[in-house]
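Enquirer: One structure is given below, represented as structure tokens, and several questions about it will come after.
The values are calculated or read from the model by the stated rules, or taken from the named source; none is laboratory data. What you see is a predicted model; the values in this text were computed from it and never measured. Quick reminder, even Gly has a Cβ in these numbers, built from the backbone with ideal geometry, and neighbours come from all protein chains shown.
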Amino acid sequence: MSAGMSANYNFEGRVALVTGGASGIGFAVVQQLSELGAKIAVADLNFDAANSVATEVSCSEAMAIKVDVQDPDDVSKMTNTVIAKYGKLDILVHSAGVGIEKPFLETTPEEWRRLIDIDLSGTFYCAQAAALRMVENGYGRIVSLSSTAGIRGGTGRAAYGAAKGGVIALTKVMAVELAPHGITANALAPGAIETELVARMHSDETRKIYKAAIPFDRYGTPEETAFAAVFLASEQAGYITGHVLGVDGGFLAAGLMSKK
């Protein structure tokens, strides 16, 4: 965390729930929000990993919760646990998700349902459960993880792109309906980020193609993506809602491109 960022953003007294917080972008968000004073609920399907992260966070108070985001009852229990511990919920950064790189003609119904259930329905369940709590206090920040795959078509992204595109549409509807309650809803659209998920999804050929299409000529880091999430979760971003923020090294902006 940079000194300048620490000076500008203060999350003292705020309670943040981060799903998928045990690894990747979610883990980086947990680190940054905790450094800025937020109380953190680290939610993940891997409870041992989430508990390890919560234990290691020394900058603020943290707890671990096991959650399966495709189970609405489990998600409801998650938010109830946060309220029981901290008394309120101010911020949701929904980072939990899965991915697949599979051609459209080869994607099975089971693979399609799994991506939709976890990446899209999971976003709906978590955001709705969090928003119901935020409405009680007239304040909230919801930041969901979409993807550049939800904006641009790409080889092998049938199920993943459809789910992430759905997250964008859902975000815009939430922004409109939750604004009267003092709640913002935004989404990040990460491009190629060096996470465990991307390591599993991206073949050597995929990496070569991506780097050729990224003006910065490299993959991003979870920390760079987390900076964007922290901004959207801040009080200063209170007039930004329904926005999709690309964190992609210029991938979405690029068309015909010559690299010299």
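Enquirer: Do the conditions hold for Val57, that is, is it modelled with pLDDT of 95 or more and in contact with a strand residue (DSSP E or B) (Cβ under 9 Å, 6 or more places away or on another chain)?
Expert: no
Enquirer: Could I ask something else about it? Got at least one residue in region 117-140 being within 19 Å of Tyr239 (Cβ to Cβ) and of a type in the set (Ser, Thr, Tyr)?
Expert: Yes, region 117-140 contains a residue that is within 19 Å of Tyr239 (Cβ to Cβ) and of a type in the set (Ser, Thr, Tyr).
Enquirer: While we're here: Within region 101-110, which residues are out of contact with any helix residue (DSSP H, G or I) (no Cβ under 6 Å at 6 or more places or on another chain) and assigned to a helix (DSSP H, G or I)?
Expert: Leu105, Glu106, Pro109, Glu110
Okay, residues lined up against (1) of a type in the set (Lys, Arg); (2) within 28 Å of Val176 (Cβ to Cβ); (3) outside any helix (DSSP H, G or I):
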{"residue": "Met63", "(1), (2), (3)": "no, no, yes"}
{"residue": "Lys77", "(1), (2), (3)": "yes, no, no"}
{"residue": "Ile83", "(1), (2), (3)": "no, yes, no"}
{"residue": "Leu89", "(1), (2), (3)": "no, yes, yes"}
{"residue": "Gly99", "(1), (2), (3)": "no, no, yes"}
{"residue": "Tyr125", "(1), (2), (3)": "no, yes, no"}
{"residue": "Ala129", "(1), (2), (3)": "no, yes, no"}
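Enquirer: Follow-up question, since we're still on this one. Among the listed residues Ala16, Ala43, Ala54, Ala28, identify the single one that is in contact with a helix residue (DSSP H, G or I) (Cβ under 9 Å, 6 or more places away or on another chain), surrounded by 24 or more Cβ atoms within 10 Å (Cβ to Cβ) and outside any strand (DSSP E or B).
Expert: None of the others qualify; the one that does is Ala28.
Enquirer: Would you check which residues across region 120-178 are among the acidic types (Asp, Glu) and either touching a Phe, Trp or Tyr at 6+ places or on another chain (Cβ under 7 Å) or without any contact (Cβ under 8 Å) to a residue 24 or more places away in the chain (or both) and list them?
Expert: The answer is Glu177, and nothing else.
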